[in-house]
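Here is the structure we will look at.
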Amino acid sequence: MSKDDDSEYEVGYRKPPQKNRFKKGKSGNPKGRPKKKKSLGLTILEELNRLIDVQDKKTGRIRKFTRKRLLISQLMKLATEDAEYAKILFKIIDNHIPVWE
C-alpha cells in the first residue's frame with residue numbers, strides 16, 4: 001500500500017481501509033439471518049387451523065371449516081358407533097376440558 005492511496009485517511013481501530021469498506025447500497029450480510037425452523041408441533045397446528053371448503057350435501061352450499069373442526073366432528077360421529085373411538089374422545093376431553101359433567 002502506498003502513501004498516495006490513503007494519504008489523507010487514517011487507518012486504525014474501527015477505521016478500515018477505504019477498499020475494505022462495504023460498498024454503498026450493499027449489506028454486510030446479503031442473505032440475512034437464517035429463518036428459524038418450525039417445530040413439528042407448530043407445523044401440525046398450522047395445518048389443523050387451515051380452512052378448507054366443504055360442500056353441504058343437502059343444500060349444495062360451500063362452507064369453510066378448519067381441519068381441526070372437521071376431525072373433531074368425524075371423531076364424534078365415530079365415537080357414537082364404536083367404543084374404541086369413544087375412549088379416544090374421552091381421553092381428549094379429559095386432557096383439554098377442565099371440568100365437564
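A few points about this structure:
Results for (1) at pLDDT below 90; (2) among the hydrophobic types (A, V, I, L, M, F, W, C); (3) farther than 30 Å from Ile92 by Cα, shown as yes or no for each residue.
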position: Gly25; (1), (2), (3): yes, no, yes
position: Asn29; (1), (2), (3): yes, no, yes
position: Ser39; (1), (2), (3): no, no, no
position: Leu42; (1), (2), (3): no, yes, no
position: Arg50; (1), (2), (3): no, no, no
position: Gln55; (1), (2), (3): no, no, no
position: Arg69; (1), (2), (3): no, no, no
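- Condition check for Lys57: touching a residue at least 12 places away in the same chain (Cβ under 8 Å) and out of contact with any Phe, Trp or Tyr (no Cβ under 6 Å at 6 or more places or on another chain): no
- Residue check: Gln18 meets all listed conditions (1) surrounded by 10 or more Cβ atoms within 10 Å (Cβ to Cβ); (2) of a type in the set (S, T, N, Q); (3) modelled with pLDDT of 90 or more but one, namely (3).
- Helices (runs of 4 or more DSSP H) within the chain that include 1 or more residues basic (Lys, Arg): 67-81, 83-96
- Contacts under 8 angstrom Cβ, first residue in the stretch 70-91 being within 18 Å of Glu47 (Cα to Cα), partner outside any loop (DSSP other than H, G, I, E, B), 6 or more apart: Leu70/Ile52; Leu70/Val54; Leu71/Leu48; Leu75/Tyr85; Leu75/Ile88; Leu75/Leu89; Leu75/Ile92
- Across the stretch 44-57, a minimum of one residue is classified as under 26 Å from the mean Cα position of the chain (by Cα), among the polar types (S, T, N, Q), at negative phi and surrounded by 10 or more Cβ atoms within 10 Å (Cβ to Cβ).
The values are calculated or read from the model by the stated rules, or taken from the named source; none is laboratory data. Just so it is clear, the model here is predicted, and its values are computed rather than measured. Backbone-built Cβ (ideal geometry, glycine too); neighbour counts: all protein chains shown.
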